[in-house]
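The values are calculated or read from the model by the stated rules, or taken from the named source; none is laboratory data. Keep in mind that what you see is a predicted model, and the values were worked out from it rather than measured. Note: ideal-geometry Cβ built from the backbone for every residue, glycine included; neighbour counts use all protein chains shown. Areas reflect the complete protein model, heavy atoms only, side chains present, ligands, DNA and RNA absent. Shrake-Rupley method; radii C 1.70, N 1.55, O 1.52, S 1.80 Å.
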Amino acid sequence: MSIIFIAPDNRIEKTVRQLTTSTEEKIVVEQGLLETAIPVARRHLDEAEVFVSRGGTVLVLRKMGSGVPIVEMQVTARDLAIALEKARHLVQKDTFRIGVVSFPNMIQQLKDFLPFLSLDITCYELSIGENVEDKLRAAMDDGMDVLLGGVTTYSFARKKGLPAVLIESGETSVKYALEEAYRIVAAQRLNRRRAEELRIITESISEAVIAIDERGSISRMNGAAKNLLRPYIRGNQRGDPALPESLKEILSQRREARKILQFGDTRVLVNVLPVAVKGATASSVATLQDVSHIQAMEEEIRREMYLKGYTAKFKFADIVAYDELTLRTVSLAKRFAATHASILIQGESGVGKEVFAQSIHNASDRRLRPFIAMNCAAIPESLIESELFGYVDGAFTGARKKGKPGIFELAHGGTLFLDEISEMPFHLQARLLRVLQEHEVMRLGDDKIIPIDVRVIAATNRNLEKLTKEGLFRVDLYWRLNVLNLFIPPLRERRQDVLPLIGRMLLETEGCSAQFTLSAACEDYLESYHWPGNVRELKNFCERVSAICDQDELDIGLATTLLRAGGAEDPEKSVHLDAHELRYQHESPAEEIVPIGILDDPEGLRDFVHAQGSLQDAAKKLGLHRTTLWRHLKARHAPQSS
């Protein structure tokens with residue numbers, strides 16, 4: 001797109017080129033005078049945003065009716081003053097008569113100034129197609145001493161040997177014309193941009209939009225409106241729709257209205273908004289929506305609202321990991337998060353399997369999608385199938401109208417966490433296996449296949465491999481789930497996490513002050529306690545501590561009482577059993593067995609440490625931290641060199 005400058009002579013063309021050397025706009029400069037400008041203009045119609053010219057050429061271009069805006073280069077007062085001064089020098093008389101022969105648009109400013117000039121000036125207006133020689137002859141017959149005019153007048157006068165001066169357009173006139181052209185181009189581009197934005201908006205929305213003019217006729221409609229009103233479009237050349245009478249009636253009211261109308265088999269919601277200009281209704285805009293589409297959108301919105309609760313709260317940063325075993329487990333889980341394979345998380349009850357599952361989800365590229373957790377043991381067997389796969393209207397007695405999506409559909413693009421997977425009914429395991437293999441689901445009572453993209457993380461506190469051998473869990477499903485295996489160690493095997501966990505949990509309860517501490521004996525006891533309920537039991541213990549937190553230090557007596565309140569065993573017994581169990585769990589049967597109650601026998605404890613060769617090895621045998629064993633030795637006055 002460009003500005004087309006049609007100059008009447010070489011001098012103006014040269015001025016335009018000099019003034020536009022540094023502009024970013026594309027400006028085409030060509031010569032053309034009166035009718036000779038028409039082919040120039042037609043040659044550039046496709047790219048022209050505005051034409052610029054002067055005098056009679058402007059009148060010719062307007063008469064051509066190209067639809068392209070035309071900027072007229074005005075004759076300034078300075079241009080006229082220079083031309084009059086040249087005329088005085090040409091005549092060289094004190095008193096002389098001036099005949100101005102030109103098109104009316106070129107000398108209008110001069111005519112406005114005539115009453116204020118002490119000069120004898122007569123204007124002879126030209127019109128398009130008129131014989132210029134006749135005007136020149138008439139001026140000379142009237143006794144004019146010199147002639148003024150544009151390029152046409154000046155050229156004819158010189159040919160006839162008549163005294164004539166050219167009214168030139170100076171640099172200022174050209175600048176003004178170009179600035180006006182720039183403004184018009186900018187306004188046009190802004191209007192085109194807004195019109196295109198409006199077109200894209202109206203064409204991209206699913207609603208049918210029609211604009212009604214003041215006569216009640218459709219002035220504009222988008223593609224959705226054309227599709228909706230296609231049965232009502234006449235077979236004429238313009239394709240004007242013959243609107244249904246019910247729609248005509250609501251549009252004729254010329255006021256805001258909303259109504260549901262029936263178009264054949266389609267129910268349509270019609271909204272009419274009047275367009276007011278200076279307080280008067282000039283036109284109106286109507287939107288038409290298929291009611292079934294609105295209902296489908298509403299269902300989708302409900303589904304999105306439903307999904308807002310399906311988010312994973314925990315991240316790996318939330319996991320307290322000080323023990324080397326926990327750090328290795330977290331590191332492995334982070335590597336699993338980078339894949340899309342199924343994961344089987346195993347561990348005792350209360351170790352935090354769902355915390356790891358949520359952390360894996362939040363570390364994966366599915367973190368912005370839903371995380372849905374389902375406890376297979378918590379849902380009645382009669383409902384678990386419909387919860388997993390969803391159902392359609394009428395699938396069974398009591399089914400929700402319009403049906404319900406299953407959790408596989410809701411988790412599309414995200415992660416599905418199936419807790420207590422060992423409790424999945426055997427007859428549903430085959431269907432679950434197929435979903436995992438084919439990545440598609442079918443609702444109960446439906447015959448449509450719905451493709452899904454879901455990562456499954458399953459968790460259990462039971463030995464699935466043993467269940468497969470007993471025929472209680474499908475072997476093929478076990479291997480489909482057990483692509484990646486993550487074992488969460490119990491709290492008794494990661495004792496270095498106990499005290500940091502207690503510290504964080506007490507802070508979260510907000511029942512204890514920041515200065516609250518545990519006595520050394522209490523720390524030893526809590527680290528040595530075997531925590532059969534794992535982190536869940538530890539959290540309950542911290543809640544009880546917070547509830548009665550009326551002192552700055554927790555001693556072992558109160559800790560023992562609080563644990564017993566939660567159903568724990570005798571503290572010393574729990575320590576000994578824990579060490580004894582660990583002994584059998586981690587050492588081979590051929591190795592030495594740690595005597596039960598050794599921590600109560602100072603001499604025996606000292607002999608045991610001596611037999612192991614170092615405090616570190618003895619602590620490892622007992623399942624204790626080195627510092628904890630040292631405290632036991634110190635409390636029983638049996639110091640031992642490390």
Inset, instruction - Report in % the part of the accessible area of segment 5-57 that belongs to carbon and sulfur, leaving out ligands and nucleic acids; probe 1.4 Å. - result: 47
Legend entry - Structure-derived P(r) over Cα pairs in 10 Å bins from 0, in percent: which label, when the choices are [x] 3, 11, 17, 20, 17, 12, 9, 7, 3, 1, 0, 0; [y] 3, 11, 12, 11, 10, 9, 9, 8, 8, 8, 6, 4, 2, 1, 0; [z] 3, 15, 24, 24, 17, 10, 4, 2, 1, 1, 0: [y]
Inset, instruction - State, to one decimal in nm, how far the label point of T517 lies from the label point of H89, with both points 7 Å from Cα in the Cβ direction. - result: 10.6
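Say R0 is 41 Å: what FRET efficiency, to the nearest 0.05, do A611 and E387 get from their beta-carbon distance?
0.10
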Inset, instruction - Calculate, for segment 190-231, the solvent-accessible area per residue in square angstrom, rolling a 1.4 angstrom probe over the heavy atoms of the protein chains. - result: 66
Legend entry - Highest-first arrangement of 137-145, 365-373, where packing means the average Cβ count within 10 Å: 365-373, 137-145
Inset, instruction - Mind checking the full-extension length gain between R258 and F426? Use 0.36 nm per residue of separation minus the Cα-Cα distance, one decimal, nm. - result: 55.0 nm
Legend entry - Tensor-based shape of segment 25-161 (alpha-carbon gyration tensor, a/c under 1.5 rounded, otherwise prolate or oblate): prolate
Legend entry - lysines with Cα under 19 Å of K226, excluding same-chain neighbours fewer than 8 positions away: K248
Inset, instruction - State which entries of K135/K159; K63/K111; K86/K175; K313/K353 exceed 19 angstrom in Cα-Cα distance in the structure shown. - result: K63/K111; K86/K175
Inset, instruction - Pull the list of the chain cysteines that no other Cys approaches to under 4.7 Å, Cβ to Cβ. - result: C123, C376, C522, C542
Legend entry - Potential lengthening between E24 and D447 on full extension [0.36 nm per residue; Cα-Cα distance subtracted]: 146.0 nm
Legend entry - FRET efficiency for K315 and E508, using Cβ-Cβ distance with R0 set to 25 Å, rounded to 0.05: 0.95
Inset, instruction - At 1.4 Å probe size, with no ligands or nucleic acids counted, give the accessible surface of R480 in Å², nearest ten. - result: 90
Legend entry - Per residue accessible area in Å² of segment 1-155, where ligands, DNA and RNA are left out and the probe is 1.4 Å: 49
Legend entry - Rounded tilt (10° steps) of 602-612 against the dominant C-alpha axis of the chain: 70
Inset, instruction - Measure off, as a whole percent, the carbon and sulfur share of the 1.4 Å-probe accessible area of segment 137-267, all protein chains present. - result: 48
Legend entry - Three-way shape call for segment 103-150 based on the alpha-carbon gyration tensor, with the a/c threshold at 1.5: oblate
Legend entry - Q31 long-range amide H proximity, modeled H, under 5 Å: A7
Legend entry - Accessible surface ranking that places the most exposed of K160, K248 first, with a 1.4 angstrom probe: K160, K248
Legend entry - E249 accessible area, assembled protein chains, probe 1.4 Å, Å²: 120
Inset, instruction - Could you state how much accessible area K226 has, in square angstrom rounded to the nearest 10, with a 1.4 Å probe and all protein chains kept in place? - result: 100
Legend entry - Amide N of segment 7-32 lying under 19 Å from the label point, which is placed 7 angstrom from the Cα of K159 along Cα→Cβ: 8-10, 32
Inset, instruction - With a point put 7 Å past each Cα toward its Cβ, work out how far E249 is from N10 in nm, to one decimal. - result: 7.7
Legend entry - Value of relative contact order over the chain, rounded to a whole percent, pairs C-alpha under 8 Å and six or more apart: 7
Inset, instruction - Could you point to the residue in L633, Y529, F336 farthest towards the positive end of the chain's charge dipole, with +1 and -1 charges on the Cβ of Lys/Arg and Asp/Glu respectively? - result: F336
Inset, instruction - Would you calculate a helix-derived [θ] at 222 nm for the chain, using -39,500 (n - 2.57) for each DSSP H run of n ≥ 4 and dividing by the full residue count, to the nearest 500? - result: -13500 deg cm²/dmol
Inset, instruction - Work out the FRET efficiency for T76 and R183 from their Cβ-Cβ distance, taking R0 = 22 Å, and round it to the nearest 0.05. - result: 0.75
Inset, instruction - Using only the Cα atoms of segment 137-206, build the gyration tensor, take square roots of its eigenvalues as a ≥ b ≥ c, and label the shape rounded, prolate or oblate: rounded if a/c is under 1.5, else prolate if a/b is larger than b/c, else oblate. - result: prolate
Inset, instruction - Determine the distance separating the Cα centre of segment 450-519 from the Cα centre of segment 57-117; give it in Å without decimals. - result: 95
Legend entry - Average accessible area per residue (Å²) across segment 419-558 - probe 1.4 Å, nucleic acids and ligands excluded: 47
